[in-house]
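Since the structure comes first, as structure tokens, the remarks are kept for the end.
Derivation of every value follows stated rules applied to the coordinates shown; laboratory data play no part. What you see is a predicted model; the values in this text were computed from it and never measured. Don't worry about glycine lacking a Cβ; one is built from the backbone with ideal geometry, like all the others, and counts go over all protein chains shown.
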Amino acid sequence: MQRDEAKLREYYAGAPDDISLSDVDLERIPSHISIIMDGNGRWAQARGLDRSEGHVAGVDALREAVTTSVRLGVDVLSVYAFSTENWRRPQHEVNLLMHLFATTLVKELPLFAQENVRLLFLGDIDALPKVTRDVFEKGLEETRGNTGMVFALAVNYGSRAEIARAARALARDVAAGRVDADEVDEASVAARLYTAGLPDPELLIRTSGENRLSNFLLWQIAYTEFYVTDTLWPDFTRWDYLRAVRDFQGRKRRFGGVVNK
Ligand code: FPP
């Protein structure tokens, strides 16, 4: 974990009444935080705007979440940007999102360089339109050597598809004699997921009040704490982020065992 405390304090100046940086224990910041960014459409509709405006506003909230994560010293931030089911949305919305992913990523590359962020994609990015894929590959290339926070963007991601893909890879390894079927264990599955090598999320935040996982990180969230807020994603700020961390730190995590306290 890397953290610049002076920068963090400056970033969190001017606190609202109910929360401030001193409400969280900086020694117990979750290592991996996942976010289901939900409510862009409703945010736009509530303002009489097109849904696409909600996604554009969502990009600003995402930039803030990335910066907040870096400032707090989170090791991995993973966010759900586009699911395998999202292709069912109206074509113009899908096109807008693909375009937004590409243009945003190009624009944010200097931020990733400045903040030493390494980009990672969860999901089948080969199936994306070429322009989007090309930008994603450029992002991977340019951030490969960064040693700070990992920013994992789930695009064309579905957890069941991810697990089925891992099962196929394992089946191939067994068929080729590289793996003994009797030796297949949790670690050998985990090593074939998009998240291979990352710690499991400790905290999963979902905005807009929906209590659903929507096929996100089903394997990885076995012991993850959930935090659901009614705030719509474009309104989600560094303060909401801090509220989520404070809530997380108030939980007793037992991992199926008992807590001796
Ligand atoms: C959910 O809101 C949001 C999405 C499906 C898209 C998320 C994308 C962004 C925040 C832009 C991110 C940009 C990059 C570069 C990753 P919704 O449309 O489901 O809202 P609703 O539930 O109110 O309809």
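Taking the Cα centre of the chain as the origin and placing charges on Cβ (Lys, Arg +1; Asp, Glu -1), which of SER22, ALA57, ALA127 is farthest toward the positive end of the dipole?
Positive-most Cα among the choices belongs to ALA127.
Given a cut-off of under 8 Å on Cα pairs at least six residues apart, what relative contact order in percent is computed for the range 49-150?
Contact order relative to length: 34 percent.
How about the range 121-178: which trypsin sites (Lys or Arg not before Pro) there are in a DSSP loop, with at most 10 other Cβ atoms within 10 Å of their Cβ? Display every interim value, and only then the final one.
Working: sites: LYS130, ARG133, LYS138, ARG144, ARG160, ARG165, ARG168, ARG172, ARG178; in loops: ARG144, ARG178.
Here the trypsin sites (Lys or Arg not before Pro) that fit, given the DSSP loop and packing criteria, are ARG144, ARG178.
Taking LYS252 as the anchor, which aspartates and glutamates have their alpha carbon closer than 19 Å to its alpha carbon, excluding any fewer than eight residues away along the same chain?
Those aspartates and glutamates meeting the cut-off are ASP23, ASP25, GLU27, ASP200, GLU202, GLU225.
Check the straight Cα-Cα distances from LYS138 and name the aspartates and glutamates below 13 Å, setting aside those fewer than 8 residues away within the same chain.
Excluding near neighbours in sequence, the set is GLU108.
Using only alpha carbon pairs under 8 Å that are at least six residues apart, calculate the relative contact order of the chain and give it in whole percent.
Reported as a whole number, the value is 27 percent.
Using θ = phi - 60° and the Karplus curve 6.51 cos²θ - 1.76 cosθ + 1.60, what whole-Hz ³J(HN,Hα) does each residue of the range 158-174 get, with Gly and Pro shown as x?
x, 5, 5, 4, 5, 5, 4, 5, 5, 5, 4, 4, 5, 4, 5, 5, 5
Need the list of aspartates and glutamates near LYS7 for cross-linking: C-alpha distance under 15 angstrom, and skip anything on the same chain fewer than eight residues off.
Straight-distance partners of LYS7: GLU64, GLU115.
In debye to the nearest 20, how big a dipole does the range 161-224 give about its Cα centre with +1 on each Lys and Arg Cβ and -1 on each Asp and Glu Cβ?
380 debye
Between the range 195-261 and the range 38-75, what's the alpha-carbon centroid distance in Å?
18 Å
Please report the antiparallel percentage of DSSP beta bridges with both residues in the chain, rounded to the nearest 5.
Numbers: 0 of 25 bridges.
Approximately 0 percent, going by the DSSP bridge assignments.
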